[in-house]
Amino acid sequence: MAKMSRELASKGIDIVNLSLGEPDFDTPDHIKKAAIDAINNNFTHYPPVSGYPELRQAVADKFLRENGLSYNASQTIVSTGAKQSIINVLLSILQEGDEVIIPAPFWVSYPEMVKFSEAKPVFVFAGIEQNFKITPEQLEKAITPQTKAFIYSNPNNPTGSFYNHEELKGLAEVLARHPKVHIVSDEIYEHINYVGGHASLASFPEIFDRTIVINGVSKSFAMTGWRIGYAAGPQNIINACEKIQGQVTSGACTISQKAAYAGLTSDMEPTRKMAAAFHERRDFIVDKLKSVPGIISNTPQGAFYVFPEVSSYFGKQYNGETISNSEELSLYLLREGHVSMVSGTGFGAPNNIRISFAASKETIEKGIDRMTEALSKLK
């Protein structure tokens with residue numbers, strides 16, 4: 001999709017991009033200034049593998065201040081993006097023959113990371129009728145003697161669904177009965193939340209000592225390109241992550257670490273303004289989608305994606321071409337509607353497409369209008 005979008009754009013075709021997985025805002029000025037100051041002050045040498053001590057302490061302080069989770073700085077590690085934080089953890093706890101439960105729809109990298117760690121992904125599907133959230137009963141049924149970990153994101157990419165405290169309590173009660181199962185809680189979209197009050201499985205004491213929380217600065221501070229993520233959890237797992245990271249990338253970029261420190265220790269007003277803008281766009285796109293025939297959509301509670309069900313268009317044709325799945329529908333919308341969206345197949349939901357509202361309201365309106373017109377041609 002990205003390649004085709006670029007090819008069409010290079011030919012002068014106006015492509016509306018609603019596939020972006022990053023905030024369309026700039027990094028706040030005070031964070032950029034911290035990076036510039038770091039360069040001028042020659043923070044350009046190797047950092048500690050696990051991150052500068054002051055940044056690790058800032059991470060621990062953030063967890064206590066915002067989430068009520070108590071970690072020592074030594075129980076945190078700073079990595080080159082949350083993606084590295086996750087793979088560090090999985091490589092630390094998994095081996096061949098282990099199983100990892102992944103609620104579907106899921107972020108595309110989870111299954112591949114599990115397989116890279118020589119373990120087996122086990123999918124538990126929750127459709128739009130469940131707001132894409134699995135039940136405790138589904139989780140219990142999926143656990144076997146081989147289950148070693150449970151990984152989820154909250155809020156979720158690609159659905160925007162959010163497990164509140166009560167919903168997580170039900171999952172925590174199940175996990176408490178299975179002490180060999182580690183929990184990997186990906187909370188990178190924490191601050192892009194439209195229901196108020198973040199929730200984490202790490203907040204339940206009975207499973208706290210085997211929960212690893214993943215977060216970072218990419219989404220909260222519009223810092224995707226700075227590549228800073230972090231993890232917090234049991235000391236033995238964090239120590240293992242440090243050993244792995246030391247052999248793969250060593251420490252994260254020094255300049256980015258100084259910028260991340262500024263973000264974590266300064267006023268969150270830019271983040272709140274960004275989240276408020278996304279909230280307004282969420283309401284706008286959900287309302288727009290109501291007028292698109294054949295589209296079934298819910299209301300996402302976090303992140304900046306909506307994940308409508310589009311299978312009513314499967315089997316329809318245009319100019320002799322039959323649409324068989326969401327991949328073909330996404331390509332059709334790109335070619336005929338000049339609007340870029342992402343098939344749900346890679347997210348474990350082949351009947352859906354992911355639409356990002358990390359774009360202006362004008363861009364969103366143009367994209368949904370083009371989508372509507374293109375879909376109307378399918379018979």
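Tabulated data
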quantity: Using alpha-carbon coordinates, inclination of helix 82-93 to the longest axis of the chain, degrees; calculated: 60
quantity: Environment charge at Met341 (Cβ cut-off 12 Å; Lys +1, Arg +1, Asp -1, Glu -1); calculated: +1
quantity: Length gained when the stretch Ser70-His165 is fully extended (0.36 nm per residue, less Cα-Cα span); calculated: 32.4 nm
quantity: Alpha-carbon radius of gyration plus Dmax, which is the widest Cα pair, for region 102-159 in Å; calculated: 11.4, 33
quantity: For region 322-332, Karplus couplings with θ = phi - 60° (6.51, -1.76, 1.60), whole Hz, Gly/Pro x; calculated: 9, 8, 9, 7, 6, 5, 5, 5, 4, 5, 4
quantity: Estimated inter-spin distance, Ala9 and Glu112, nm [label 7 Å along Cα→Cβ]; calculated: 2.1
quantity: DSSP bridge orientation in the chain - percent antiparallel, rounded to nearest 5; calculated: 45
quantity: For region 5-159, alpha-carbon Rg over 2.2 N^0.38 Å; calculated: 1.35
quantity: Length-normalised contact order for region 250-379 - Cα pairs under 8 Å, 6+ apart - percent; calculated: 23
quantity: Accessible solvent surface per residue of region 175-222, calculated while the other protein chains remain in place, 1.4 angstrom probe, Å²; calculated: 31
quantity: Exposure of Asp26 as accessible area (Å², to 10), given a probe of 1.4 Å and all protein chains; calculated: 130
quantity: By accessible area with a 1.4 Å probe, ligands and nucleic acids excluded, highest first: order of Phe208, Phe106; calculated: Phe208, Phe106
quantity: Label-point gap, in nm, between Lys32 and Phe284 - each point 7 angstrom along Cα→Cβ; calculated: 2.3
quantity: Cα-based helix-to-principal-axis angle, 165-176 vs the chain, degrees rounded to 10; calculated: 60
quantity: Alpha-carbon Debye profile of region 84-226, log10 I(q)/I(0) at 0.17, 0.19, 0.20 Å⁻¹; calculated: -0.93, -1.19, -1.33
quantity: Mean residue ellipticity (222 nm) of the chain, computed from DSSP H runs ≥ 4 via -39,500 (n - 2.57), nearest 500; calculated: -12500 deg cm²/dmol
quantity: Under 25 Å from the Cα of Lys11 - lysines, other chains or at least 8 residues apart; calculated: Lys3, Lys366, Lys377
quantity: Tally of Lys pairs whose C-alpha atoms are under 24 Å apart, taken over region 22-129, 8 or more apart or cross-chain; calculated: 6
quantity: The chain: angle of helix 361-376 to the longest principal axis, Cα-based, in degrees nearest 10; calculated: 50
quantity: Principal semi-axes in Å for the chain [√(5λ), Cα gyration tensor, largest first]; calculated: 35, 26, 19
quantity: Other-chain or far-sequence residues with amide H under 5 Å of Gly216's (modelled H); calculated: Tyr230
quantity: Summed residue charge, Cβ within 10 Å of Ile93's Cβ, Lys/Arg positive, Asp/Glu negative; calculated: +1
quantity: Amide H partners (placed H, <5 Å) of Val124, local residues excluded; calculated: Ile102, Ala104
quantity: Normalised contact order of the chain, rounded percent, pairs of Cα under 8 Å and 6 or more residues apart; calculated: 23
quantity: Per-residue HN-Hα couplings for region 46-55 [Karplus 6.51, -1.76, 1.60; θ = phi - 60°; Hz; x = Gly/Pro]; calculated: 3, x, x, 4, 8, x, 4, x, 5, 6
quantity: Distance between region 114-185 and region 326-353 - C-alpha centres, whole angstrom; calculated: 26
quantity: Kirkwood Rh, angstrom, region 185-312 [1 / mean 1/r, Cα pairs]; calculated: 17.2
quantity: Region 248-379: mean projected area of Cα convex hull, nm²; calculated: 10.8
quantity: Whole-Hz couplings from phi, Karplus 6.51/-1.76/1.60, listed for region 195-212; x for Gly and Pro; calculated: 10, x, x, 6, 9, 9, 5, 5, 7, 9, x, 5, 10, 4, 6, 10, 10, 10
quantity: Amide H within-cut-off set for Tyr152, under 5 Å, with H built and near neighbours excluded; calculated: Val184, Asp186
quantity: Cα→Cβ-extended label distance, 7 Å offset, between Asp209 and Thr322, nm; calculated: 5.9
quantity: Full-extension gain in nm, Arg335 to Gln146, via 0.36 nm per residue minus C-alpha separation; calculated: 63.5 nm
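The values are calculated or read from the model by the stated rules, or taken from the named source; none is laboratory data. Just so you know, these numbers come straight off a predicted model, no measurement behind them. All Cβ positions, glycine included, derive from the backbone under ideal geometry; neighbour counts span all protein chains shown. Side chains included, ligands, DNA and RNA excluded: accessible areas come from the protein's heavy atoms. Shrake-Rupley method; radii C 1.70, N 1.55, O 1.52, S 1.80 Å.
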